[in-house]
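Visitor: Please find one structure pasted underneath; my questions will follow.
The values are calculated or read from the model by the stated rules, or taken from the named source; none is laboratory data. Since the structure is predicted, the reported quantities are computational estimates derived from the model, not experimental observations. Note that we place each Cβ from the backbone using ideal geometry, even for glycine, and neighbour counts take in every protein chain shown. For accessibility, only protein heavy atoms count, side chains too; no ligands or nucleic acids. Shrake-Rupley method; radii C 1.70, N 1.55, O 1.52, S 1.80 Å.
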Amino acid sequence: MTPDIEWREAESNPYQMSGEPWIGPDAIVTNLFVRLVEEWDPFVVTPKTFHDAGDTVIVEGRYTGVYKATGRTQDAQFCHIWGIEGGKVKSFQQYTDCGDAT
């Protein structure tokens with residue numbers, strides 16, 4: 001990741017309801033990745049299709065997992081748009097409807 005990466009979760013995502021981006025790798029790790037590991041058993045991201053669009057890569061796939069606190073399962077389709085600059089991720093946009101898995 002670039003030091004100034006902008007990471008945006010989908011509007012329906014419970015981890016960033018405001019829609020504001022997280023800026024920088026530390027913010028992404030703390031606010032998203034740590035929580036996913038702590039709250040899900042497991043949380044699995046399965047990419048299915050990759051689309052090369054120059055400095056942009058579009059990935060289609062599925063999220064699956066079990067939310068530890070409730071035992072509820074998730075099986076949701078996603079689309080990720082990755083912005084690449086100098087071989088590093090510069091931006092990320094998630095599109096998904098996770099429903100009410102938590």
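Visitor: What are the residue pairs meeting all of these: first residue in region 6-32, first residue basic (Lys, Arg), second residue not in a loop (DSSP other than H, G, I, E, B), Cβ atoms under 9 Å, and 6 or more apart or on different chains?
Guide: Sorted first by the residue in region 6-32, then by its partner, the pairs are ARG8/TRP22; ARG8/SER91; ARG8/PHE92; ARG8/GLN93; ARG8/GLN94.
Visitor: Something else now. Would you check if PHE50 is part of a strand (DSSP E or B), over 14 Å from the mean Cα position of the chain (by Cα), modelled with pLDDT of 95 or more and hydrophobic (A, V, I, L, M, F, W, C)?
Guide: Considered against the rule, which asks whether it is part of a strand (DSSP E or B), over 14 Å from the mean Cα position of the chain (by Cα), modelled with pLDDT of 95 or more and hydrophobic (A, V, I, L, M, F, W, C), PHE50 comes out as yes.
Visitor: Exactly one condition in (1) more than 17 Å from LEU32 (Cβ to Cβ); (2) assigned to a strand (DSSP E or B); (3) open to solvent by less than 90 Å² (accessible area, probe 1.4 Å) is false for GLN93; which is it?
Guide: (1)
Visitor: Is it fair to say GLU11 is under 13 Å from the mean Cα position of the chain (by Cα), closer than 16 Å to GLN93 by Cα, charged (D, E, K, R) and not in a strand (DSSP E or B)?
Guide: Details: under 13 Å from the mean Cα position of the chain (by Cα): yes; closer than 16 Å to GLN93 by Cα: yes; charged (D, E, K, R): yes; not in a strand (DSSP E or B): yes.
Yes: the conditions hold for GLU11.
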